[in-house]
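S.K.: Below are the structure tokens for one structure; questions will follow.
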Amino acid sequence: MEKRHEGPELLADEVAQKIRAKIQNQQYQPGDRLTVRLLCEEFGTSETPVKQALNQLVATGLVVSIPKCGMKVRTFNFQDMKDNWEARLMVEQFCAVPAVERVRHDEDFVKHIQDILDISNHEYGKCIADFTKENFNLLTEHDRMLHTELVKCSRNQQIMNMYNSLNAHSCMFAGYGCHTPKTLRQVQDQHTEIVNQLLLCDVDGLRKALESHIYSTVQIYRSAWKE
């Protein structure tokens, strides 16, 4: 039988992970109040680990503490989104060299990247046929997976921790209402170009493809948010 984590700190980590997942899946919306009592009832735990979990999420920027109002899911604006994606771009471009080196020496990695793109194209087809929030979220998940695999090539845990933190925020920008079939096709074409440049072992080409993709996505959101 699997042993359950014991102790308030580990339990707080578990609760924080569950709250984070609900925020990222938009079950808790930006601006929603997070009440300790209700969270205790939802997760079947005492107040201490819930309070500790909320403080963890305040530290990562997903939750804000407002005097006399308590805890709320953070609301992000367009500049927050742009700053986040530009930071992600810097990390991904830095990882272009180790990613290309891995392609040169690791056939399994090449197949893994191609498989991710194939699955992403399949999810794109489903999304176009039935443009629901669920299908869009699946497509976004594989989008994020492709980018994350590039960063993993750095083999640097500090870089991965920073990138995962940026990704935790970027989930808040996954705009189901910002995209159209045309913009989704554009994004998929850009992912294909990123993979093509990676497999060509063209570092400069890969960096340019990443930059074009990020700033094109920023423009999609700028237009949708009328910024």
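Each value in this text was obtained by applying a stated rule to the coordinates, not by laboratory testing. The model shown is predicted, which means the values in this text are computed figures rather than measured ones. Note: ideal-geometry Cβ built from the backbone for every residue, glycine included; neighbour counts use all protein chains shown.
S.K.: Please give the helix 107-129 orientation as an angle from the longest Cα principal axis of the chain, in degrees from 0 to 90, rounded to the nearest 10.
M.R.: 70 degrees
S.K.: Please give the helix 133-152 orientation as an angle from the longest Cα principal axis of the chain, in degrees from 0 to 90, rounded to the nearest 10.
M.R.: The two axes meet at around 70 degrees.
S.K.: Another question, then. Could you calculate the contour length gain from Met162 to Glu141, that is, 0.36 nm times the residue separation minus the distance between their Cα atoms, to one decimal place in nm? The partial results should precede the final answer.
M.R.: On the way: separation 21, 0.36 × 21 = 7.56 nm, distance 1.84 nm.
Gain on stretching Met162 to Glu141: 5.7 nm.
S.K.: Describe numerically, in nm with one decimal, the distance between label points set 7 Å from Cα along Cα→Cβ at Ile128 and at Glu14.
M.R.: Label at Ile128, label at Glu14, 4.4 nm between them.
S.K.: Then there is this: With springs only between Cα atoms under 10 Å, which of Pro181, Pro67, Pro49 fluctuates most in a Gaussian network model of the chain?
M.R.: Pro67
S.K.: Taking the alpha-carbon distance from Lys51 and a cut-off under 17 Å, which lysines remain once sequence neighbours fewer than 8 residues away in the same chain are dropped?
M.R.: Excluding near neighbours in sequence, the set is Lys18, Lys22, Lys68, Lys72.
S.K.: For the chain, modelled as a Gaussian network with Cα springs under 10 Å, which listed residue fluctuates most, Lys133, Lys152, Lys182?
M.R.: Lys182
S.K.: About the Cα centre of the range 1-150, what is the dipole size in debye to 20, counting +1 per Lys and Arg Cβ and -1 per Asp and Glu Cβ, all else neutral?
M.R.: Values: 19 positive and 25 negative charges, 160 e Å.
Using Cβ point charges on Lys, Arg, Asp and Glu, the range 1-150 gives about 780 debye.
S.K.: Continuing with this model, one more query. Helix 8-24 sits at what angle to the longest principal axis of the chain, using alpha carbons and giving 0 to 90 degrees rounded to 10?
M.R.: 60 degrees
S.K.: Counting pairs of alpha carbon atoms under 8 Å apart in space and at least six apart in sequence, what relative contact order in percent does the chain give?
M.R.: Details: 212 pairs, mean separation 51.5, N = 227.
This gives 23 percent for the chain.
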